[in-house]
1. Taking 1 over the mean of 1/r across every pair of different Cα atoms in segment 228-288, what Kirkwood radius in Å do you get?
2. Starting at 0 and stepping by 10 Å, how many percent of the alpha carbon pairs of segment 179-248 end up in each bin?
3. Sketch the reach of a paramagnetic label on residue 194 as a point 7 Å from Cα along Cα-to-Cβ, and name the residues of segment 85-114 whose backbone nitrogen lies under 19 Å away.
4. Only Cα pairs within less than 10 Å get springs; with that Gaussian network setup on the chain, which residue of 251, 39, 169 has the largest fluctuation?
5. Relative contact order, percent, of segment 142-265 when contacts are C-alpha pairs under 8 Å separated by at least 6 residues?
6. How much of the DSSP bridge set in the chain is antiparallel, in percent, rounded to the nearest 5?
7. State the percentage of accessible surface on the chain attributable to carbon and sulfur atoms; use a 1.4 Å probe and exclude ligands, DNA and RNA.
8. With contacts defined as alpha carbon pairs under 8 Å and 6 or more residues apart, what's the relative contact order of segment 68-141 in percent?
Amino acid sequence: MKNIPKYDFYKTKYGGELLIDVVELEYIKNYLPKQSLHTLTYYDVTLITEGEGFFKIDGTTHHVKPMDMLFSLPYQLREWDIENITNGYALIFEEEFLLSFFNDPHFMDNISYFRKNRNNSRLSLFPVEFEQVNTLIQQIKHEIDGYTVKNKHILRALLYQVLILLDRTFTEQHNIPPNNDKNTYVDSFLKLVSFDFHKYHAVQYYAEKLYITPNYLNELVKRETGISAKQVIQNKLIIESKKLLLYSNLTIVEISERLSFETPSYFIRFFRKRARCTPLQFRKGEKP
């Protein structure tokens, strides 16, 4: 990858270790270069309060305005319009901050907007929802400003409330079905894909890992995500292809090999069919 700035969590900003913070966007802009492409090592929930512009997450561009929210996972590539998005709040935290309290290793996996298969990283709030979320964020900021170690439980409770409120709104707005026992197969499939999509492109491979048939896996994945298991794998390949084309110096042949395509020509056909341009055209900015 090219030299993309990576920002770690400032754990001792308030003296002792604290793995949650609220930062105003107008403050963050002072530390971002003109080319604002960067990655974070922690979770980020951003609320836009002033201005309109673009916000890119892993190559997907979202047009955002006041009362919009953006969600990003650790190590996703981010870039936003620092000139036209004039202010807002970034609620940032490390997963450890919640898991050490709830003792539930799957808590973050069950938050709809942080699932690895989600097709959208943006949520538009209605005024009532905006007031609820903004009030909670201001409460978190107030607790942090007067931080003492005993405040951690209050901060965890407030963060939990924000995440669950947004999860409910996100699932309603995007028609995401509630979790059930069968969804554990889907969650396991998505985790496997995130680790193995570079090497394995066939649904059969993942079905065998889960001890179910490919047809049943497809049925479960389609029911929860709206797309087939094959499309989930292909979407991951396209997203990774675009990242490598834009942010690395690898050749088309090298990208093809890294993503385990049989031949470079097959990779080019695969990419062109789904991106409506060749990999080289995409790299040069000649997009449809």
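1. So the Kirkwood estimate lands at 11.5 Å.
2. All Cα pairs, binned at 10 Å, distribute as 21, 53, 20, 6, 0 percent.
3. So the set is 92-114.
4. In the Gaussian network model the winner is 251.
5. 19 percent
6. 95 percent
7. Reported share for carbon and sulfur atoms: 50 percent.
8. 50 percent
The values are calculated or read from the model by the stated rules, or taken from the named source; none is laboratory data. Worth saying up front: this structure is predicted, and the values here are computed from it rather than measured. Note that each Cβ is placed from the backbone with ideal geometry, even for glycine, and that neighbours are counted across all protein chains shown. SASA here: full protein model, heavy atoms, side chains in, ligands and nucleic acids out. Shrake-Rupley method; radii C 1.70, N 1.55, O 1.52, S 1.80 Å.
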